[in-house]
Amino acid sequence: MSSRDQFTSKIGFILAAAGSAIGLGAIWKFPYMAGTNGGSVFILLFILCTFFIGLPVLIAEFMIGRRGQKDAVTSFKEQAPGKPWYLIGWGGMIIAGLILSFYSVVGGWILSYLGRSITFHLNSSNGNYADLFSNIISSPFEAVLVQGLFMLLTVVIVSAGIKGGIEKASTWMMPLLFIFFIVLVIRSLTLDGAMEGIKFMFVPDWSYLNAETFLKALGQAFFSLSVGIAVMITYASYLSKSEKIGNSAINVASMNIIISLLAGLVIFPAVFALGYTPDQGPGLVFIILPAVFEQLPLGGLFLTIFFVLLLFATVTSSISMLEIVVAIAIGDKPEKRKKIAWIGGIIIFIVGIPSALSFGILSDVKILDRSIFDFVDFLTNSIGMPIGALLISIFAGYYYTKDISRKELATSSLMFNIWYILIRYVSPIAILIIFIQGILPLFK
């Protein structure tokens, strides 16, 4: 049997896992969710939910993967022989592939904006960025072309392996992500009127402290950590047995929160300073932000930096989703990696074409009153991920003996007991709430 690829360092693993978590959820979705749900109270609830509900499940995935040292399916088969727990691995692979099929569509939009920004064509829309966005996503040729280019980039990185592809990409993309963010935050905070954006983020408006805000913050915290689809099980399987997984998980969760807050610090001060409102919804990044940067000195440069940064975050997430597919398909034959990465990438690209076309020539096609893109999003985020995370928390909290968990975590008694209570009681209940809330629209 061929030797299995591994991360060469703890920092390489943390950056790769953080890259998986820090994607569109942190930079695209977090600002508009905070913007439409009162800012500071949503942010506070998001941080609390990340540490007390999302983090225990993330630690559970790290435990299962590091203990198994195999792909997600084989890890469950070997740790629970004769039991159907391995279906979590297969389910995670399918859900990750489906997520990547529409995630690559958004990745393509980012490439479109970046290309226009670099070639100075983004401002040729005469400030009508709503029409520009509509034209990009509704053009069949452009939507599919850029989706394919994004998948090509993802496949090239994953086909190069853990050390030569995923770890290498993550170890230069993630530090650049932080550097670019700091540059943009400084620019945003130096605008006249930026303090209103700071107040929006950090001075609580307690009128937003209600069940609806809590549920949305809970969902954002949960999904932004990439738990529930066995991606983190896969990454942790490439980790040395000597690494402390609890510390690594805390680092990943903390980095995800920091990047989310930095995204807010780039967007909200600029939005308030230039007279916009923060409750613009999903169009905040693609419609409002270009209009905001257009009014700044050197705004084109800063907007280009932002889309490079957004591309980095999206790619580090997409490679983790393709990796679980590749890891399961190659099993203990790493020499098949390149071939499987290309085959998997092409299949996912083809599956994603209807999502790419769902804002144009397939816009009239509806599934449960949703566009194809929105239906795949709903199927994965509202059904697939919560079911996967619930099963993972039950496996770690109830199938593992307490002694196994204690040995794997190798932490203080206090920290272990806190995690054990959270994974057995708090996280499963919270995940069930997310799941029920997510599927309620089906019954209206």
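Pairs meeting the criteria (first residue in the stretch 256-272 and without any contact (Cβ under 8 Å) to a residue 40 or more places away in the chain and surrounded by fewer than 24 Cβ atoms within 10 Å (Cβ to Cβ), second residue of a type in the set (Lys, Arg) and assigned to a helix (DSSP H, G or I), beta carbons under 8 Å, at least 6 apart or on different chains) are lacking.
For residue 382, the conditions (1) polar (S, T, N, Q); (2) over 28 Å from residue 109 (Cβ atoms); (3) modelled with pLDDT under 90; (4) part of a helix (DSSP H, G or I) are fulfilled apart from (2).
Could you say whether any residue in the stretch 341-362 is open to solvent by less than 60 Å² (accessible area, probe 1.4 Å), in contact with a strand residue (DSSP E or B) (Cβ under 6 Å, 6 or more places away or on another chain) and modelled with pLDDT of 90 or more?
No.
Scanning the stretch 238-256 for residues that are touching a Lys or Arg at 6+ places or on another chain (Cβ under 8 Å), under 12 Å from residue 17 (Cβ atoms) and not β-branched (Val, Ile, Thr) turns up 238, 239, 243, 248. Looking at the stretch 294-329, which of the residues that are free of Cβ contacts under 8 Å to residues at least 60 places away in the same chain and open to solvent by 10 Å² or more (accessible area, probe 1.4 Å) is nearest to the chain's Cα centre (by Cα)? Among those residues, the one meeting the criterion is 329. Would you say residue 239 is aliphatic (A, V, I, L, M), crowded, with 18+ Cβ neighbours inside 10 Å and under 17 Å from the mean Cα position of the chain (by Cα)? In short, no. Residue 290 passes every criterion in (1) at pLDDT 80 or above; (2) in contact with a Lys or Arg (Cβ under 9 Å, 6 or more places away or on another chain); (3) more than 30 Å from residue 423 (Cα to Cα); (4) of a type outside the set (Gly, Ala, Ser) apart from (2).
Name the single residue, out of those in the stretch 186-222 being open to solvent by less than 10 Å² (accessible area, probe 1.4 Å) and of a type in the set (A, V, I, L, M), that is farthest from residue 259 (Cα to Cα). So the residue we want is 194.
Evaluating residue 372 against the criteria (1) within 25 Å of residue 233 (Cβ to Cβ); (2) among the β-branched types (Val, Ile, Thr); (3) open to solvent by less than 60 Å² (accessible area, probe 1.4 Å) leaves one unmet condition, (1). Within the stretch 397-421, the set of residues being charged (D, E, K, R) and open to solvent by 50 Å² or more (accessible area, probe 1.4 Å) comprises 402, 403, 406, 407.
Of the helices (runs of 4 or more DSSP H) lying entirely inside the stretch 165-252, those containing at least 2 residues that are in contact with a Cys (Cβ under 9 Å, 6 or more places away or on another chain) span 211-223.
The values are calculated or read from the model by the stated rules, or taken from the named source; none is laboratory data. Quick caveat: nothing in here was measured; it's all calculated off a predicted structure. Neighbour counts run over all protein chains shown; Cβ positions are idealised from the backbone, glycine included. Keep in mind that these areas ignore ligands, DNA and RNA; they rest on the heavy atoms of the full protein, side chains included. Shrake-Rupley method; radii C 1.70, N 1.55, O 1.52, S 1.80 Å.
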